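Peer 1: For reference, the structure I am asking about is given below.
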Amino acid sequence: MLKFLKIKEEDLELILNWRTLPEVTRYMVTDIEYNMENQIKWYQKIRTDESSKYWMISYQDNKIGLIYLTDIDYKNKHCTWGYYIGENAYRSIGGIIPPYLYNYVFHEMKFNKIIAEVIEGNQNIMKLHELHGYRFVGKYEKHIYKYDKYHDFFIYELHCTTWNSLNQYNKFVIKFEE
């Protein structure tokens with residue numbers, strides 16, 4: 001039903017289509033132009049980057065979004081993460097996706113902490129983080145410049161011990177393609 005697939009070159013146009021959708025990009029820190037050449041360069045970079053991992057989210061054999069880890073610190077056992085659902089018809093299942101990633105990070109990678117960064121206005125994700133046991137760490141005021149104004153930037157962290165204490169999520173385990 002749900003799969004996390006390694007990105008292939010054939011996925012790049014679909015990812016670029018999603019990433020440039022106004023409803024996706026408004027919650028992203030960076031905005032990108034619709035440029036396939038730059039998309040290929042990005043793909044070449046992430047394929048060899050030890051500090052990041054990216055997967056296509058597939059639901060019922062339909063590719064619906066992207067999920068990723070960045071700033072992976074193997075020594076200190078923490079990383080940052082993000083995701084988006086590009087297919088509008090599947091946005092309602094977005095809330096069930098993070099627990100699979102958390103279990104992967106905490107149980108497969110054996111990490112201690114995962115960090116989430118949220119731009120001002122993304123209240124649904126802030127609520128979801130709190131539901132999943134995140135602790136609000138702080139905010140950078142007027143940190144991101146988008147749409148002709150500055151936006152606040154919120155930082156959350158989730159520790160392995162906190163996540164493991166939420167027993168209702170221990171069944172959310174799935175293989176992430178390597």
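Peer 1: Which residue pairs have Cβ atoms under 6 Å apart, sit 6 or more places apart or on different chains, and have a first residue in the range 143-158 that is free of Cβ contacts under 8 Å to residues at least 12 places away in the same chain and a second that is crowded, with 17+ Cβ neighbours inside 10 Å?
Peer 2: HIS143/PHE153
Peer 1: Further, regarding this structure: For TYR84, all conditions in the list (1) part of a strand (DSSP E or B); (2) modelled with pLDDT under 95 hold save one; what is the number of the exception?
Peer 2: With respect to (1) part of a strand (DSSP E or B); (2) modelled with pLDDT under 95, TYR84 is out only on (2).
Peer 1: Among all residue pairs at least 6 apart or on different chains, which show Cβ distances below 6 Å where the first residue, located in the range 3-22, is over 20 Å from ILE93 (Cβ atoms) and the second is loosely packed, with under 15 Cβ neighbours inside 10 Å and not acidic (Asp, Glu)?
Peer 2: Listed by first residue and then by second, the contacts come to THR20/TYR34.
Peer 1: Which is in contact (Cβ under 8 Å) with a residue 60 or more places away in the chain, more than 17 Å from LYS175 (Cβ to Cβ) and of a type in the set (Phe, Trp, Tyr), of TYR84, TYR100?
Peer 2: TYR84
Peer 1: Still on this model: Evaluate the range 104-117: report whether one residue or more is part of a loop (DSSP other than H, G, I, E, B) and acidic (Asp, Glu).
Peer 2: For the range 104-117, residues part of a loop (DSSP other than H, G, I, E, B) and acidic (Asp, Glu): absent.
Peer 1: Any chance you could count how many residues in the range 166-176 are loosely packed, with under 12 Cβ neighbours inside 10 Å and more than 19 Å from the chain's Cα centre (by Cα)?
Peer 2: Summing the residues that are loosely packed, with under 12 Cβ neighbours inside 10 Å and more than 19 Å from the chain's Cα centre (by Cα) in the range 166-176 gives 3.
Peer 1: If you scan the range 118-165, which residues turn out to be assigned to a loop (DSSP other than H, G, I, E, B) and under 19 Å from the mean Cα position of the chain (by Cα)?
Peer 2: Correct list: GLU120, GLY121, ASN122, HIS132, GLY133, TYR134.
Peer 1: Moving on. Keeping to the range 99-111, report how many residues are surrounded by 14 or more Cβ atoms within 10 Å (Cβ to Cβ) and touching a strand residue (DSSP E or B) at 6+ places or on another chain (Cβ under 9 Å). Step through it out loud before you land on a result.
Peer 2: Residues of the range 99-111 that are surrounded by 14 or more Cβ atoms within 10 Å (Cβ to Cβ), as a first pass: 99-107, 109, 111.
Now restrict to residues that are touching a strand residue (DSSP E or B) at 6+ places or on another chain (Cβ under 9 Å): 100-102, 104-106, 109, 111.
Residues that pass the stated criteria total 8.
The values are calculated or read from the model by the stated rules, or taken from the named source; none is laboratory data. The model shown is predicted, which means the values in this text are computed figures rather than measured ones. Heads up, the Cβs are rebuilt from the backbone with ideal geometry, glycines too, and the neighbour counts pull from every protein chain shown.
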